[in-house]
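This report refers to the structure that appears directly beneath it.
The values are calculated or read from the model by the stated rules, or taken from the named source; none is laboratory data. Fair warning: this is a prediction, and the values are worked out from it, not measured in the lab. Glycine also receives a Cβ, built like all others from the backbone with ideal geometry; neighbour counts cover every protein chain displayed. We work out accessible area using only protein heavy atoms, side chains counted, and drop any ligands, DNA or RNA first. Shrake-Rupley method; radii C 1.70, N 1.55, O 1.52, S 1.80 Å.
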Amino acid sequence: MPMRAKILALFLLVINLGLNDVHAQVFIDSTLNFSNPNDLILKVNSGTKGIAIADYNQDGYLDIYFVVKEQSSGGDASSWNRLFSFDGTSYSDKTSIAGNAAKGLTTLTQSQYDYKFGASWGDYNNDGYPDLFLSNSGHDLLLKNNGDGSFSNITNIAGVAGSVTQLSSQGLWFDYDKDGDLDLYVSVQMDQNQDSDNKANRMYENLGDDEFENVSLSSGLNDSGFTWTSVALDVNKDGHLDVYVANDFGPNKFYINNGDKTFTEKTAEYGLEDGANGMGLAIGDPNLDGLFDFYLTNITELDDHPDNNNRLFINSGDSSFTKTEFLARVSKAGWGWGTDFFDFDNDGDEDLLVANGYGFEAGKQINRLFQNKMIENDTLLFSDVSGNSGFTEETESFTNAVFDQNNDGYLDIITSNTFKKPLFFQNSGGDKNWIKILLEGVETNRNGFGSIVTLEINGNTFSRYYHGSGLFTQNILPIHFGLDEYDLIDKISVNWLNGQVDEVFDVPVNQIIKLREFDGLVATTIENTSQISPNQIRLIGNYPNPFNPETIILFELQSRSQITIEIFNTIGQLIHTESKVFEQGLNKYKWNSVTLNSGMYFYKISDTKGSAKTGKMLFLK
């Protein structure tokens, strides 16, 4: 095709995308209706920085931690950081129960960017209860979750307080040495002592028993730039997590993990250079090629800066990246801070969210939402739908928390604001399908950070990299996939950080499932149980499939029932039957086929009231 024709085709495609942008309001500002606002938003009436989400009390519901920017004073409740617990209906303030450390009470120094910044959830001791690292201008805090709603301040025992003059922006939990527990990397933005050059990032190795060793120098991760955000990703596919660092006022840095607890800076070799004002980083697969890409926010309104653009680094698969922010139309997004890839419209590809603000009260901007048009056009192009989607209020935002607050399968947003209370935007939803996947590591770290989850549906693949980290935050959330009109997932694969691969097959959509390392599917949740009649059987499927010599059939019951399980060959002969009472909830039935020939088999699960479900499975000797 001649160049003129190519340009015309691209122009027509862009015009077509513009006409197809979101017209209906997708996100509704529901701040004052946000599940008992007297206990939540109105108590957080000061400016906020980080927002971190996890099920800290392991009751099955996601809880929220807000970092209030001001110096915490024991007698001034408005200055406290806040921990809110959700019970499925409303939120309650658990800050005081959690303890004084959870309020953010520590020795701080005032910076030009405020006092308190980030909150990072990570289960560093693998006991099932998420712990919390708080990054500050001054001493940082490490709070050990005691499992009873309270936290213990183990900062000094762990040795991770840092310097009282440093501004720590973010704590990144990741397993840098692949020993099965989470280590801690602290991004340091600056040193308040003008006579000190102590602004290097800090790397702590988890030694167990609440102890950490400062290995910043020996690891080579003592980057001395003005770091806001760091993320970990195995870019060269050698099984070890590498680190990309976003630096303000200078070049970003990319460090390759050598596999021996040391790192080597390889920014230029991998094409990840950026010399502007790096703020936030997001990892995603917006072009659906199974390779993970970086999006970097900068200050895109400084026209005198030659590098004045956000960056979309597309992974080529050969240990190099290509900058495609201009073609993808995401190069400009205001004074950018935190950023997230997420599928807000559940169409199967990841969209892009950017928090914006100048850093002073007169410099408010709207947050930016870019809708991915990949599914529609087989070309990676985004459309700015910020205004049409409901982001019309100018704010002073540094980060967003993206999660499914009401469990309808559509992702909602909480936005931090520097000079007023946070805002909550409810996704208006739709009729597209979804699935959410919880991970539980066994030999891998309990959170499953560093894992890759891949879905296969009708010959298509969708991948997510699980890490939870961003500017001022790290979350422990279900991994969300929008699935458009697909109603059955052929296969779900989890590639754990230690190399273990678990697979489950024939998984229905519109549910939350838990996948445990080595065990596969271990739990499932139906959100709208009121729509399911008593005694109805819900078939989840069998795993492994294909199998040899045994497989497990999983199904869910709404009440205790007498169940008959029948297995047939391909010509309809009954080869196995058993009747027994199963309890309400998730049930497992193990079948051993060692005496049979290879081939396809069918199974039927029925109760005494006429409800029945069928499935198929493949036995391979």
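The requirement of being open to solvent by 50 Å² or more (accessible area, probe 1.4 Å), more than 19 Å from Q170 (Cβ to Cβ) and either modelled with pLDDT of 85 or more or part of a loop (DSSP other than H, G, I, E, B) (or both) is satisfied by I97. In the range 43-89, the residue that is most open to solvent (accessible area, probe 1.4 Å) out of those that are hydroxyl-bearing (S, T, Y), within 22 Å of D404 (Cα to Cα) and part of a loop (DSSP other than H, G, I, E, B) is T89. Inclusion of A282 among residues that are modelled with pLDDT of 95 or more, under 17 Å from the mean Cα position of the chain (by Cα) and either closer than 17 Å to T322 by Cβ or in a strand (DSSP E or B) (or both) is warranted. When G348 is tested against (1) without any contact (Cβ under 8 Å) to a residue 60 or more places away in the chain; (2) within 30 Å of E485 (Cα to Cα); (3) touching a helix residue (DSSP H, G or I) at 6+ places or on another chain (Cβ under 6 Å), just one condition goes unmet, and that condition is (1).
Only a single criterion out of (1) open to solvent by less than 30 Å² (accessible area, probe 1.4 Å); (2) modelled with pLDDT under 80 is not satisfied by D502, namely (2).
In the set (1) outside any loop (DSSP other than H, G, I, E, B); (2) open to solvent by 10 Å² or more (accessible area, probe 1.4 Å); (3) closer than 24 Å to E394 by Cα, the condition left unmet by S331 is number (1). Could you please find all residues in the range 181-195 being over 21 Å from L132 (Cα atoms) and open to solvent by less than 40 Å² (accessible area, probe 1.4 Å)? Listed by number, the residues that qualify are M190, D191.
Cβ-Cβ distances below 9 Å connect the following pairs, each with a first residue in the range 461-472 that is in contact (Cβ under 8 Å) with a residue 24 or more places away in the chain, a second residue that is of a type in the set (V, I, T) and assigned to a loop (DSSP other than H, G, I, E, B), and a separation of six or more residues or different chains: G468/I476; G470/T399; L471/T297; L471/T399; F472/T399. Take the residues in the range 214-272 that are of a type in the set (V, I, T) and open to solvent by 20 Å² or more (accessible area, probe 1.4 Å); name whichever of them is farthest from G171 (Cα to Cα). Filtering first and then ranking leaves T264. The sole residue among D293, D318, D289, D285 that is in contact with a Pro (Cβ under 7 Å, 6 or more places away or on another chain) and under 22 Å from I452 (Cβ atoms) is D293. When the residues of the range 352-369 are filtered to those that are open to solvent by 10 Å² or more (accessible area, probe 1.4 Å) and in contact with a helix residue (DSSP H, G or I) (Cβ under 9 Å, 6 or more places away or on another chain), the one that is nearest to T297 (Cα to Cα) is R368.
With the structure loaded, tell me whether L134 is closer than 20 Å to A401 by Cα, outside any loop (DSSP other than H, G, I, E, B) and open to solvent by less than 20 Å² (accessible area, probe 1.4 Å) or whether it fails that test. So L134 passes the test.
The set of residues in the range 248-272 that are within 25 Å of the chain's Cα centre (by Cα) and acidic (D, E) contains only D248. Of all residues in the range 569-621, those that are more than 26 Å from K491 (Cα to Cα) and of a type in the set (F, W, Y) total 1. Looking only at residues that are small (G, A, S) and in a strand (DSSP E or B) in the range 571-621, which one is nearest to the chain's Cα centre (by Cα)? If we take residues in the range 571-621 being small (G, A, S) and in a strand (DSSP E or B), then G585 is nearest to the chain's Cα centre (by Cα).
The condition of being touching a Lys or Arg at 6+ places or on another chain (Cβ under 8 Å), assigned to a strand (DSSP E or B) and either of a type in the set (D, E) or within 23 Å of V442 (Cα to Cα) (or both) holds for Y185. Scanning the range 370-389 for residues that are more than 20 Å from W434 (Cβ to Cβ) and open to solvent by 10 Å² or more (accessible area, probe 1.4 Å) yields N377, D378, T379, L380, D384, G387, N388. Of the residues in the range 457-477, not one is among the hydroxyl-bearing types (S, T, Y), open to solvent by 50 Å² or more (accessible area, probe 1.4 Å), over 19 Å from L241 (Cβ atoms) and not in a strand (DSSP E or B).
Checked against the criteria, Y295 counts as touching a helix residue (DSSP H, G or I) at 6+ places or on another chain (Cβ under 9 Å) and crowded, with 17+ Cβ neighbours inside 10 Å. Taken residue by residue, the range 336-343 has no member that is open to solvent by less than 40 Å² (accessible area, probe 1.4 Å), in contact with an Asp or Glu (Cβ under 6 Å, 6 or more places away or on another chain) and modelled with pLDDT under 95. Against the test of being in contact with a helix residue (DSSP H, G or I) (Cβ under 6 Å, 6 or more places away or on another chain), part of a loop (DSSP other than H, G, I, E, B) and not hydrophobic (A, V, I, L, M, F, W, C), the options N198, N222 yield a single qualifying residue, N222. For the range 503-519, the set of residues classified as in a strand (DSSP E or B) and more than 20 Å from the chain's Cα centre (by Cα) consists of E503, V504, F505, D506, V507, P508, listed by residue number. Only one of these is in a loop (DSSP other than H, G, I, E, B), out of contact with any strand residue (DSSP E or B) (no Cβ under 7 Å at 6 or more places or on another chain), surrounded by fewer than 20 Cβ atoms within 10 Å (Cβ to Cβ) and charged (D, E, K, R): D148, D177. Name it. Every option except D148 fails the conditions.
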